[in-house]
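To start, the structure itself, in structure tokens.
The values are calculated or read from the model by the stated rules, or taken from the named source; none is laboratory data. Bear in mind that the values here come from a model prediction, so they are computed numbers and not experimental data. Heads up, the Cβs are rebuilt from the backbone with ideal geometry, glycines too, and the neighbour counts pull from every protein chain shown.
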Amino acid sequence: MTTGTSRPPIDTGRPHSARVYDSLLGGKDNYPADRAVPQQLPAEAKAGACQNRAFMTRAWLAGEGVSQFLDFDHPVALSLLGLLHFLPDDQNPRARVRTLTAALPTGSYLVLSQGASDVNPERGEQGAAEYGKGGIRLALRTRAEFAGFFEGLDVVEPGLVTAPEWYRGTPAPRPEESGVYVAVARIP
């Protein structure tokens with residue numbers, strides 16, 4: 001039985017940010033156009049993707065009472081990892097995040113990561129240019145700009161740091177340079 005609606009075809013000849021990320025992580029769900037972008041990116045891009053993935057596992061919030069992912073009567077975790085740097089300011093990403101967090105019950109958590117523009121500006125510009133060649137806009141942000149996403153929320157320790165610096169209740173990750181900011185905040 002068909003519903004009468006059709007999905008647009010996937011354009012495998014043009015890179016997509018999610019598939020480029022998959023390629024950076026060594027995944028299999030990508031196409032030659034997606035794999036071509038990471039080949040031109042600075043080495044720090046692959047490290048940043050891996051650091052973002054490692055942060056995701058360290059930021060697991062089951063120990064904070066978050067065990068519901070669909071039942072919005074209980075605290076939930078809203079994870080927007082590896083997304084913000086694909087939402088340029090003209091798409092009003094702060095308002096989008098505020099809209100999402102406004103719907104969350106008290107005690108929920110917001111988990112964000114963001115490519116940094118002020119850690120290694122030359123590498124950031126190079127990465128943005130390479131993504132741009134594939135038609136993907138990259139919106140890297142400063143630490144202060146990233147902090148703006150958490151206005152009115154309670155940022156939990158260790159605060160707004162680079163991905164390898166964020167850990168709680170787990171052994172400290174090995175120190176390494178990172179161009180990815182991360183933070184977790186509680187909805188008051």
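Which residue pairs have Cβ atoms closer than 7 Å, lie 6 or more positions apart in sequence or on different chains, and pair a first residue in the range 160-184 that is more than 20 Å from GLU122 (Cα to Cα) with a second residue that is of a type in the set (Asp, Glu)?
These pairs meet every condition: PRO164/GLU176; ARG168/GLU157.
Going by the structure shown, is ALA95 part of a loop (DSSP other than H, G, I, E, B) and hydrophobic (A, V, I, L, M, F, W, C)?
no
With the structure loaded, tell me whether PRO93 is modelled with pLDDT of 95 or more and under 13 Å from the mean Cα position of the chain (by Cα) or whether it fails that test.
yes
I'd like to check something: does the range 136-157 contain any residue that is modelled with pLDDT under 95 and in a strand (DSSP E or B)?
no
Considering each residue of the range 158-186, count those that are assigned to a loop (DSSP other than H, G, I, E, B) and out of contact with any helix residue (DSSP H, G or I) (no Cβ under 8 Å at 6 or more places or on another chain), and give that number.
Residues meeting the conditions: 3.
Please enumerate the residues belonging to the range 98-112 that are surrounded by 14 or more Cβ atoms within 10 Å (Cβ to Cβ) and either in a helix (DSSP H, G or I) or polar (S, T, N, Q) (or both).
ARG98, THR101, SER108
Take the range 113-142 and flag every residue that is closer than 23 Å to LEU100 by Cα and crowded, with 16+ Cβ neighbours inside 10 Å.
SER113, GLN114, GLY115, ALA116, LEU138, ALA139, LEU140, ARG141
When both residues are 6+ apart or on different chains and their Cβ atoms are under 6 Å apart, which pairs have a first residue that lies in the range 73-94 and is within 14 Å of GLY115 (Cα to Cα), and a second that is among the aromatic types (Phe, Trp, Tyr) and part of a helix (DSSP H, G or I)?
Here the result reads GLY82/TYR21, each pair linking the range 73-94 to a residue that is among the aromatic types (Phe, Trp, Tyr) and part of a helix (DSSP H, G or I).
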